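*Asks:* Sharing a structure here in C-alpha cells format.
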Amino acid sequence: MATWTSSSGAVEAAVWDVLRTVEDPELPIAITDLGLVRDVHVADGRVAVRLVPTWVGCPALYVIRRRVRDAVLALPGVREASVEYAYDEPWTLARMTAEGRARLAAHGLAVPACRFAEPLVCPYCGSRDVAMESLFGPTLCRATYLCRSCRNPFERFKPPHDE
C-alpha cells in the first residue's frame, strides 16, 4: 500500500485540477463534469486514474485516455501515469454535474434530469413537441430529434443501460 504524504496530496490536487481542463473530444464538456472520473490514486510520483465510459463502444475512449495521460504526465512531480477504464459500474446521468448539464444544453444536447423516461424537452425553446429523426445520431451514445415548435434539430443521450 502506498504511503500518502503532503506532496502526494498536492500532486493529487493538481491532477484533479488538470482533469477539469480535459474535454470530451465529441462534446464541449470536461470529463469531470460528464462524470467520467471514478477515482485518482497518487503514490511516489505515480498516478493512476480510473474512468467510467459513458458507452462501452464509444470510439472516443482511446482519445480520452491519451488526453488524460498526457495532461497528467505534464504535471510537476508526476513520473508515471496510467489511465484505465472501469467497467464494473455503469455510467449514469447521475454522475453528471449541473454545470455539465448546462453546457450540454447550451450546445443543443438534451440531457434528462435523471431518468430517460422523462418527457423529452427541446434544449433551445423548452417545447415538448419533438419528434425523433433518427435513433442513430452522430455517435453511438446519441439520437437525433427535431423540435416541431422552433424547428431546431438537436441530440439526446441514449440510455447506456436500463436506467
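*Asks:* In Å, what Rg and Dmax follow from the Cα atoms of the chain?
*Replies:* In order Rg, Dmax, the Cα atoms of the chain give 17.9, 59 Å.
*Asks:* To the nearest 10 degrees, how steep is helix 6-19 against the longest Cα principal axis of the chain, on a 0 to 90 scale?
*Replies:* 30 degrees
*Asks:* By how many nm would the segment from Glu89 to Ala105 lengthen if fully extended, with 0.36 nm per residue of separation less the alpha-carbon distance? Intermediate values should be presented prior to the final figure.
*Replies:* Details: separation 16, 0.36 × 16 = 5.76 nm, distance 2.56 nm.
Contour length minus the Cα-Cα distance gives 3.2 nm.
*Asks:* Separate question: State, to one decimal in nm, how far the label point of Asp70 lies from the label point of Ser82, with both points 7 Å from Cα in the Cβ direction.
*Replies:* 2.3 nm
*Asks:* Could you give each residue of region 80-86 its phi-based ³J(HN,Hα) in whole Hz, using Karplus coefficients 6.51, -1.76, 1.60 with θ = phi - 60°, and x for Gly or Pro?
*Replies:* Result, ordered by residue: 9, 9, 10, 10, 10, 9, 9 Hz.
*Asks:* To the nearest 0.05, what FRET efficiency results for Arg151 and Thr97 with a Förster distance of 30 Å applied to their C-beta separation? The partial results should precede the final answer.
*Replies:* Working: r = 30 Å, r/R0 = 1.01.
After rounding, the FRET efficiency stands at 0.50.
*Asks:* Shifting gears a bit: Would you mind calculating the relative contact order of the chain from Cα pairs under 8 angstrom and at least 6 residues apart, reporting the percent as a whole number? Walk me through the intermediate numbers first.
*Replies:* Details: 287 pairs, mean separation 29.7, N = 163.
With pairs under 8 Å counted, the relative contact order is 18 percent.
*Asks:* Continuing with the same structure: With each run of n ≥ 4 DSSP H residues scored as -39500 (n - 2.57), what mean residue ellipticity at 222 nm is computed for the chain after dividing by its residue count and rounding to the nearest 500 deg cm²/dmol?
*Replies:* Working: 4 runs with 41 residues, N = 163.
Estimated from H runs of four or more residues: -7500 deg cm²/dmol.
*Asks:* On to the next question. Quickly rank 129-135, 36-42, 46-52 as a protection proxy: mean count of other C-beta atoms within 10 Å, highest first.
*Replies:* Values: 129-135: 13.0, 36-42: 18.3, 46-52: 20.1.
Put in order of decreasing packing, that is 46-52, 36-42, 129-135.
*Asks:* May I pose another question? Among the chymotrypsin sites (Phe, Trp or Tyr not before Pro) within region 45-136, which fall in a DSSP loop and have no more than 16 other Cβ atoms within 10 Å of their own Cβ? Present the calculation step by step, with values, prior to reporting the outcome.
*Replies:* On the way: sites: Trp55, Tyr62, Tyr85, Tyr87, Trp91, Phe116, Tyr124, Phe136; in loops: Trp55, Tyr87, Trp91, Phe116, Tyr124, Phe136.
Counting only loop positions with at most 16 other Cβ atoms within 10 Å, the chymotrypsin sites (Phe, Trp or Tyr not before Pro) in region 45-136 are Tyr87, Phe116, Phe136.
*Asks:* Local charge sum around Thr139 (other residues, Cβ-Cβ under 9 Å, Lys/Arg +1, Asp/Glu -1)? The partial results should precede the final answer.
*Replies:* On the way: positive: Arg142; negative: Glu26, Glu155.
Here the count lands on -1.
*Asks:* For region 56-96, state which trypsin sites (Lys or Arg not before Pro) are in a DSSP loop and have at most 12 other beta carbons lying within 10 Å of their beta carbon. Mind showing how you got there, number by number?
*Replies:* On the way: sites: Arg65, Arg66, Arg67, Arg69, Arg79, Arg95; in loops: Arg79.
Passing both the DSSP loop test and the Cβ count: Arg79.
Computed from the coordinates by the stated procedures, all read-outs in this text should not be read as laboratory data. Just so it is clear, the structure is predicted and the values come from calculations on it, not from any experiment. Please note: Cβ atoms are built from the backbone with ideal geometry, for glycine as well, and neighbour counts cover all protein chains shown.
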